[in-house]
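*Asks:* Here it is, the structure in full.
The values are calculated or read from the model by the stated rules, or taken from the named source; none is laboratory data. Bear in mind that the values here come from a model prediction, so they are computed numbers and not experimental data. Here the Cβ positions follow ideal geometry from the backbone for every residue, glycine too, while neighbour counts run over all protein chains shown.
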Amino acid sequence: MTAKTLEQIENQFEMFQILNENGEVVNKDAMPDLSDEDLQELMYRMVYTRIWDQRAISLNRQGRLGFYAPVAGQEASMLGSQYALEEKDWILPGYRDVPQIVWHGLPLYQAFLFSRGHFKGGQMPDGLNVLMPQIIIGAQIVQTAGVALGLKKKKTDSIAITYTGDGGASQGDFYEGMNFAGAYNAPAVFVVQNNQFAISVPVEMQSAAETIAQKAVAAGINGIQVDGMDPLAVYVATKEARENALNGNGPTLIETMCYRYGPHTMAGDDPTRYRTEDMNDEWEKRDPLIRFRKFLEEKNLWSEEKENEIVEQAKEDIKAAIKEADDTPKQKVTDFIDIMYEELPANLQEQMDEYRAKESK
């Protein structure tokens with residue numbers, strides 16, 4: 001491939017945007033057909049999730065949660081895409097993508113149990129088309145290709161969507177999953193939330209490609225780069241990707257350009273070691289909540305009073321969800337054995353009897 005050909009490919013992936021950072025519509029033709037109630041609901045979810053994120057960080061520091069990956073800054077990417085889905089669609093999340101599956105129907109208390117490593121946090125309610133968040137980087141991408149192929153073979157009118165970060169796009173599973181889905185024309189959508197760093201490694205050190213979106217070309221599938229701080233742009237891109245998949249036009253790779261304001265996880269990462277104050281300041285100007293709030297206020301659809309009500313509701317809901325998580329019986333060794341087997345082999349029956357005796361004391 002010549003440098004000129006490569007440049008032509010890269011130029012195809014200009015960032016798609018509807019709202020600029022001042023909340024102004026810069027692409028009227030692309031505006032989605034969303035009602036005022038839909039727009040308010042989307043903002044409601046973003047505000048609620050920001051409060052939930054702040055509270056989860058505090059709970060983690062108190063030792064009341066286990067593993068937690070902050071989401072502030074990525075609300076538009078996460079919730080704008082989930083809002084474009086139908087209840088029948090399948091979500092295969094990464095470990096940061098808990099908000100999408102909660103808004104898809106997972107009870108909040110179970111999200112807290114997942115963070116604590118409790119097995120009930122991974123027991124999805126009947127009828128909820130969600131897989132447990134994947135800890136292995138990129139593994140969910142191959143799984144999504146398989147789920148999507150299964151949906152196609154069953155002739156359903158639903159898709160499978162998955163999420164990873166820019167670091168996940170450097171994994172072998174990323175290429176294998178997209179290639180498989182493309183080869184079988186499976187109804188899959190692959191979302192890469194490019195928050196600029198794979199833990200501490202900047203995206204420009206992970207690949208020589210100008211965009212992650214252009215990697216779709218090698219797999220022969222659709223690709224688009226989106227302003228991930230713009231919930232309307234993310235919604236439109238996801239909705240079109242879903243429709244394309246269902247119409248037999250193949251999978252789509254969506255790269256959302258966003259930023260996580262907090263650390264990679266609460267397990268000791270210090271973002272001040274690899275991010276500058278200037279970079280933080282620049283991305284804070286693009287905050288999805290500020291941007292969308294300005295847009296809604298201009299349409300007389302939002303107010304400080306309305307937002308404060310949501311903040312208080314979120315705090316009360318989180319308090320109740322934590323209590324429900326606290327009230328869930330502690331997991332036991334016998335639970336793990338019992339939920340894995342319908343009929344126990346002799347060696348495990350011996351262990352079951354042994355641990356039952358210990359637990360009864």
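*Asks:* Taking the conditions exactly as written (more than 18 Å from PRO32 (Cα to Cα) and out of contact with any helix residue (DSSP H, G or I) (no Cβ under 9 Å at 6 or more places or on another chain)), does GLY250 satisfy them or not?
*Replies:* For GLY250, the condition - more than 18 Å from PRO32 (Cα to Cα) and out of contact with any helix residue (DSSP H, G or I) (no Cβ under 9 Å at 6 or more places or on another chain) - is not met.
*Asks:* Continuing with the same structure: Of the residues that sit in segment 105-125 and are on the phi < 0 side of the Ramachandran plot and outside any helix (DSSP H, G or I), which one is surrounded by the fewest Cβ atoms within 10 Å (Cβ to Cβ)?
*Replies:* Looking at the filtered set, the residue picked out is PRO125.
*Asks:* Quick one: how many residues across segment 134-187 are among the aromatic types (Phe, Trp, Tyr), surrounded by fewer than 20 Cβ atoms within 10 Å (Cβ to Cβ) and in contact with a strand residue (DSSP E or B) (Cβ under 7 Å, 6 or more places away or on another chain)?
*Replies:* 0
*Asks:* Considering segment 339-361 alone, what residues qualify as being farther than 21 Å from HIS118 by Cα, in a loop (DSSP other than H, G, I, E, B) and not charged (D, E, K, R)?
*Replies:* Matches in segment 339-361: LEU344, PRO345.
*Asks:* Exactly one of (1) at pLDDT below 95; (2) farther than 30 Å from THR265 by Cβ; (3) surrounded by 13 or more Cβ atoms within 10 Å (Cβ to Cβ) is unmet by ILE18. Its number?
*Replies:* For ILE18, the exception is condition (1).
*Asks:* When the residues of segment 1-15 are filtered to those that are in a loop (DSSP other than H, G, I, E, B), modelled with pLDDT under 95 and under 16 Å from GLY223 (Cβ atoms), which remaining residue is farthest from the chain's Cα centre (by Cα)?
*Replies:* ASN11
*Asks:* From the list ALA314, ALA346, ALA357, which one is assigned by TED's automatic domain parsing to the domain that holds ASN20 and out of contact with any strand residue (DSSP E or B) (no Cβ under 8 Å at 6 or more places or on another chain)?
*Replies:* Within the list ALA314, ALA346, ALA357, the selection yields ALA314.
*Asks:* Is it the case that some residue within segment 261-276 is on the phi > 0 side of the Ramachandran plot and under 24 Å from the mean Cα position of the chain (by Cα)?
*Replies:* Taking every residue of segment 261-276 in turn, at least one turns out to be on the phi > 0 side of the Ramachandran plot and under 24 Å from the mean Cα position of the chain (by Cα).
*Asks:* Condition (residue is closer than 19 Å to ARG96 by Cβ and free of Cβ contacts under 8 Å to residues at least 40 places away in the same chain) applied to segment 246-268: is it met by at least one residue?
*Replies:* Looking for residues that are closer than 19 Å to ARG96 by Cβ and free of Cβ contacts under 8 Å to residues at least 40 places away in the same chain, one finds at least one in segment 246-268, hence yes.
*Asks:* Output the helices (runs of 4 or more DSSP H) that fall wholly within segment 33-104 and possess 3 or more residues being over 19 Å from ASP317 (Cα atoms) and in the same structural domain as THR162 (by TED's automatic domain parsing), or say none.
*Replies:* 36-61, 75-82
*Asks:* For LYS155, only one of the following conditions fails: (1) in a loop (DSSP other than H, G, I, E, B); (2) closer than 16 Å to ILE254 by Cβ; (3) among the basic types (Lys, Arg). What is its number?
*Replies:* Result: LYS155 fails condition (2) only.
*Asks:* From the list ARG96, ARG64, ARG55, ARG50, which residue is under 16 Å from the mean Cα position of the chain (by Cα), more than 28 Å from VAL147 (Cβ to Cβ) and touching a residue at least 24 places away in the same chain (Cβ under 8 Å)?
*Replies:* One residue alone meets the criteria, ARG50.
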